[in-house]
Amino acid sequence: MEPGQILCSLLYAIKSLKQSMKIQTEIIIHADIDQVFDTFRDLDIIEKHVQGITLLERLNGPAKMEVGTKWRETRVMFGKEATEVMWVTEMNKDKNYVVEAESRGTHYRSEYTFTQQADDVLVQLTFEGIPLTFGTKIMSALFFLFAGMTKKMLLKDMKSLKVLLESEKS
C-alpha cells in the first residue's frame, strides 16, 4: 500500500469514528419536584453533599444556578484530581437544565431532566462528550473503557442528593 493510500484509509477510519460519547442514567426521588429541582441546581448544597467534589468555586452568578452561572469544580476521577470550569446554558424551572464545559479537546454537555411521577420525581441525566480535535476523535474510540466508571460516578452524585432530599422529607 502506498503512503498516500495509508493516510487516506486512516483519515476515513477517523472520520467514521463515533462523533460523540453519551451516557444516560436516572434515579427516582421521593420528594416534590420543586424541592428536587432546587436542590439539584444549588451549588452550595452540591458542594456540601456530593462526596466526589473536593472543591467548588463560583466564578459568575448565584449559588442557585441560572443561565450564565459559571463555576470551577474539582473532583477525584479515576484516582486523580480533575478541575473543570462549567456553565449553565439552559434552565427551565422544574423541567430541566443544561450544564456545559470544554476541556482537553472535548465539549461536554450534561442535561438534567425532572419529571413528577405521583409522589416521586424521576431525574434523568444525559452526559455527552463531543470530541473537537483530531486527537480526541481518535481517543473517543476508547471511550467505552471509561463509560461504566463515569456512569457510576454520575449516579453516585445523584444518590447523594437523593439521600439528602428523602431524609429532609422524613
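The values are calculated or read from the model by the stated rules, or taken from the named source; none is laboratory data. The model shown is predicted, which means the values in this text are computed figures rather than measured ones. Cβ placement follows ideal geometry from the backbone for every residue including glycine, while neighbour counts extend to all protein chains displayed. Please note that ligands, DNA and RNA were not included when accessible areas were found on the heavy atoms of the full protein model with its side chains. Shrake-Rupley method; radii C 1.70, N 1.55, O 1.52, S 1.80 Å.
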Matching residues, region 59-71, being open to solvent by 40 Å² or more (accessible area, probe 1.4 Å) and either of a type in the set (Val, Ile, Thr) or farther than 27 Å from residue 32 by Cα (or both):
59, 60, 67
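Please work out if residue 74 is open to solvent by 20 Å² or more (accessible area, probe 1.4 Å), within 14 Å of the chain's Cα centre (by Cα), β-branched (Val, Ile, Thr) and farther than 26 Å from residue 118 by Cβ.
Numbers: open to solvent by 20 Å² or more (accessible area, probe 1.4 Å): no; within 14 Å of the chain's Cα centre (by Cα): yes; β-branched (Val, Ile, Thr): yes; farther than 26 Å from residue 118 by Cβ: yes.
No, not satisfied.
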For residues that are assigned to a strand (DSSP E or B) and touching a Gly at 6+ places or on another chain (Cβ under 7 Å), scanning just region 94-127, find the one that is modelled with the lowest pLDDT.
106
Give the residue that is nearest to the chain's Cα centre (by Cα), with candidates limited to residues of region 96-124 that are over 22 Å from residue 47 (Cα atoms) and open to solvent by 40 Å² or more (accessible area, probe 1.4 Å).
104
Residue 82: passes all of (1) in a helix (DSSP H, G or I); (2) open to solvent by less than 50 Å² (accessible area, probe 1.4 Å) but (1)
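Taking helices (runs of 4 or more DSSP H) that do not extend beyond region 1-55, which have at least 3 residues that are over 16 Å from the mean Cα position of the chain (by Cα), under 19 Å from residue 92 (Cα atoms) and modelled with pLDDT of 90 or more? Don't jump to the end; show me each part of the working.
On the way: elements: 3-15, 33-40, 43-49.
Once the helices (runs of 4 or more DSSP H) in region 1-55 are filtered for at least 3 residues that are over 16 Å from the mean Cα position of the chain (by Cα), under 19 Å from residue 92 (Cα atoms) and modelled with pLDDT of 90 or more, what remains is 33-40.
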Here the qualifying pairs (Cβ atoms under 7 Å; residues six or more apart or on different chains; first in region 119-135 and closer than 15 Å to residue 21 by Cα; second open to solvent by less than 60 Å² (accessible area, probe 1.4 Å) and among the aliphatic types (A, V, I, L, M)) come out as 125/154; 125/158; 127/23; 127/154; 128/21; 129/21
